[in-house]
Amino acid sequence: MTNWTVTAVQYFYRLLIHNTYFILSNGLFLVLLFFFRLSMNNFILFIIPIFFLLVSFSAQFKAVADNEEETVSLKRYFSLYKEILKNNWNIYLFYTFFICLLVLDLRILLVADLTVLLYPLLITGSFLISSMFFVLLISTDERAKEVPFKKKISWSLLVSYRLPKVTMLNVFYVIVTIFLLQNFSLAYLCFFGGAINYYVWMNLTRQFSVDLFYEHIR
């Protein structure tokens with residue numbers, strides 16, 4: 001086998017493992033999707049699964065960052081998951097509430113047929129969700145406990161503004177994720193979620209360093 005073939009097989013294997021961990025950490029979401037279709041009408045049923053979905057984003061970011069060349073064990077992954085949840089539950093609660101508020105606003109505008117306000121809301125919401133990825137990334141570090149909640153949010157917005165290419169690609173990933181969740185929810189959780197998270201992490205770390213971030217805010 002050539003080096004290229006070996007690299008491709010290892011890369012595919014890492015994606016497969018990350019996607020498997022993603023499925024396991026979103027079991028509640030998966031169970032609900034077997035009985036209910038994700039839509040605005042029954043969105044309330046998915047509030048708790050969305051909370052844990054956000055936790056799994058950070059857990060995957062941490063797992064990839066700690067082992068870029070290899071995959072972490074299942075035991076290590078869930079150890080990271082529990083640690084991140086314990087240290088940053090308020091972050092995930094905040095963004096769960098934000099996503100619920102965004103969905104509610106979208107529903108109100110659609111029912112009221114106020115499409116002229118729909119696009120500004122979508123643009124603003126996409127930017128804020130894109131900045132959320134930076135918050136989820138910096139929350140994977142143990143030093144995150146020393147940074148006030150408001151500072152994490154404000155710095156993530158500033159970083160998103162200063163890295164427009166990264167932000168635009170994040171917005172693209174957000175659009176793809178929303179499309180898949182809306183139309184192919186089970187396929188997203190079972191086949192695409194882990195891979196998309198991996199590409200989001202690659203995009204975030206392309207021009208942003210967690211270590212440099214914490215050195216800068218000291």
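The values are calculated or read from the model by the stated rules, or taken from the named source; none is laboratory data. Everything numeric in this text was worked out from a predicted model, so none of it was measured. Methodologically, a virtual Cβ is constructed for each residue, glycine included, from the backbone with ideal geometry; neighbour enumeration extends over all protein chains shown.
A few notes on this one:
- Whichever residue in segment 171-185 is in contact (Cβ under 8 Å) with a residue 24 or more places away in the chain and exposed (fewer than 14 other Cβ atoms within 10 Å of the Cβ) and, among such residues, is nearest to L15 (Cα to Cα): I175
- Any hit, segment 110-126, residues being in contact (Cβ under 8 Å) with a residue 24 or more places away in the chain and either hydroxyl-bearing (S, T, Y) or buried (at least 17 other Cβ atoms within 10 Å of the Cβ) (or both): yes
- Hits in segment 89-99 - residues which are surrounded by 13 or more Cβ atoms within 10 Å (Cβ to Cβ) and either at pLDDT below 90 or of a type in the set (A, V, I, L, M) (or both): I91, I99
- Among the criteria (1) more than 18 Å from I196 (Cβ to Cβ); (2) at pLDDT 90 or above; (3) under 14 Å from the mean Cα position of the chain (by Cα), the one S139 does not fulfil is (2).
- Entry remark, segment 158-170: residues being buried (at least 18 other Cβ atoms within 10 Å of the Cβ) and assigned to a helix (DSSP H, G or I) number 6 in total.
- Leading residue by the ranking (surrounded by the most Cβ atoms within 10 Å (Cβ to Cβ)) among those in segment 187-215 that are part of a helix (DSSP H, G or I) and among the hydroxyl-bearing types (S, T, Y): Y188
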